[in-house]
Amino acid sequence: MEWVKKFYDKQFRLYEEGLTGPNEEHEEILAKIENLASKPFQSILELGAGGGEFAITAAKKGYDVTALELVSSRVDYMRKLKSEHHLIGELEIIEGDFYEIELPKSFDVICYIDGFGIGEDQDQRKLLKRMSKWLKPDGCILIDIYTPWYWAYVAGQEMKIGSKLRKYNFDFIGCRMLDTWFDGEEKVTQSLRCYSPQDLNMLLEDTGLTLLDIKPGGAMDYMTWKYREYVDLDKAMSYMVKLVPAN
Ligand SMILES: C[S@@+](CC[C@H](N)C(=O)[O-])C[C@H]1O[C@@H](n2cnc3c(N)ncnc32)[C@H](O)[C@@H]1O
C-alpha cells in the first residue's frame, strides 16, 4: 500500500486549482445515503473523506460528522472549507489512517464514498471488522464498490485532466482497476480491487456484517463523453452497498 499517500496527495494537487467546494453532486450522495439508510440518523463517520465536500454538505444539513482522512493536503483543504461554511451539525476532522486509528465513539452511519479496495482482501476484511466495531447496533455501513466489468471494459481509456494525462487499465489476474496520472516524468497509479456482489459476500465472511441492499451508481460513456448518474448494475462503474450487523 506504498502508493496510497503519494497518489492521493498528487491527485489532490493536480485537481486543486479547479476545486470549488461542495456542490449538487454531494447533495445527491447525501440523498442516496439517506435513502439507503432508510431511517432517520444523526451521526456519520466518513472514511477517506478527501477534501471534505460530502462531510461539509452533511454537517450543513445538521448531521454530526466525523471525517477521517489520511493525506495532509486534503485535510488542510477540508479545514479551510469548514471555516468557510455555516454548519448546523458538528464536524470533527481527523487526520489519520483508518487501519490504525482508535475511535472512542460509535456511529449511526459509516460511509466510504469512492476508494474502497486499497490493498489485498485481508486488508479490506480488517477494515470491515474495524467498521463493524465503530457501528451502533442498529446502524448501517454504506460503501461504494467498484465493479470488475466496467473497469475491464474501459481498460486502455485515456483522457486529459487540464494539461495532464490520465489512463485507466485493468489487472485481469488481481481484478483491480488501475488509474494512472502522468505529470511530466512523474506518474502515480491508484490500484483498487473490484468486487462483484458475490465476491463481496465472500469478503464479508467473519466480519460480523451482512449485505442488505445494493444501489448501482453511474457510468461514463467514452463514446459520447457523457456521464450517466444511474445505470443498471451491468453497466455501472460502482454500486453502493448497505451492510448491517449479521445478527
Ligand atoms: C478516491 S478518494 C475519495 C475521496 C472522497 N471520499 C470523495 O469521494 O471525493 C479516497 C480517499 O481515501 C483516503 N484514504 C486512503 N487510504 C486511507 C487510510 N488508510 N485512512 C484514511 N483515509 C484514507 C485518500 O487519501 C483519499 O482522500
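Has region 14-22 got any residue that is at negative phi, touching a residue at least 12 places away in the same chain (Cβ under 8 Å), assigned to a helix (DSSP H, G or I) and near the ligand (Cβ under 10 Å from one of its atoms)? Scanning region 14-22 turns up at least one residue that is at negative phi, touching a residue at least 12 places away in the same chain (Cβ under 8 Å), assigned to a helix (DSSP H, G or I) and near the ligand (Cβ under 10 Å from one of its atoms). One residue stands out in region 87-143 among those that are assigned to a loop (DSSP other than H, G, I, E, B) and among the charged types (D, E, K, R): the one that is farthest from the ligand (Cβ to nearest atom), namely Glu90.
Only a single criterion out of (1) surrounded by fewer than 19 Cβ atoms within 10 Å (Cβ to Cβ); (2) touching a helix residue (DSSP H, G or I) at 6+ places or on another chain (Cβ under 9 Å) is not satisfied by Tyr195, namely (1).
Taking the criterion of being part of a loop (DSSP other than H, G, I, E, B), aliphatic (A, V, I, L, M) and within 12 Å of Tyr112 (Cβ to Cβ), the only residue of region 32-76 that qualifies is Ala49.
Thr224 falls short on exactly one of the conditions (1) in a loop (DSSP other than H, G, I, E, B); (2) over 17 Å from Trp149 (Cβ atoms); (3) in contact with a strand residue (DSSP E or B) (Cβ under 7 Å, 6 or more places away or on another chain), and that condition is (3). Taking each residue of region 182-196 that is modelled with pLDDT under 95 and assigned to a strand (DSSP E or B) and looking for partners that are within 16 Å of the ligand (Cβ to nearest atom) and among the hydroxyl-bearing types (Ser, Thr, Tyr) with beta-carbon atoms closer than 6 Å, six or more apart or interchain, yields Lys187/Thr180.
When you go through Gly117, Gly50 one by one, which is the residue that is in contact with a strand residue (DSSP E or B) (Cβ under 7 Å, 6 or more places away or on another chain), touching a residue at least 12 places away in the same chain (Cβ under 8 Å) and farther than 24 Å from Leu204 by Cα?
Working: Gly117 fails: farther than 24 Å from Leu204 by Cα.
Answer to the selection: Gly50.
Could you check how many residues of region 206-220 are among the acidic types (Asp, Glu) and either modelled with pLDDT under 95 or more than 23 Å from Leu135 (Cα to Cα) (or both)?
Of all residues in region 206-220, those among the acidic types (Asp, Glu) come to 206, 213.
Right, trim to either modelled with pLDDT under 95 or more than 23 Å from Leu135 (Cα to Cα) (or both) and you get 206.
Qualifying residue count for the region: 1.
The values are calculated or read from the model by the stated rules, or taken from the named source; none is laboratory data. Quick caveat, the model's predicted, so the values are computed rather than measured. Positions of Cβ are backbone-derived with ideal geometry, glycine not excepted, and every protein chain shown enters the neighbour counts.
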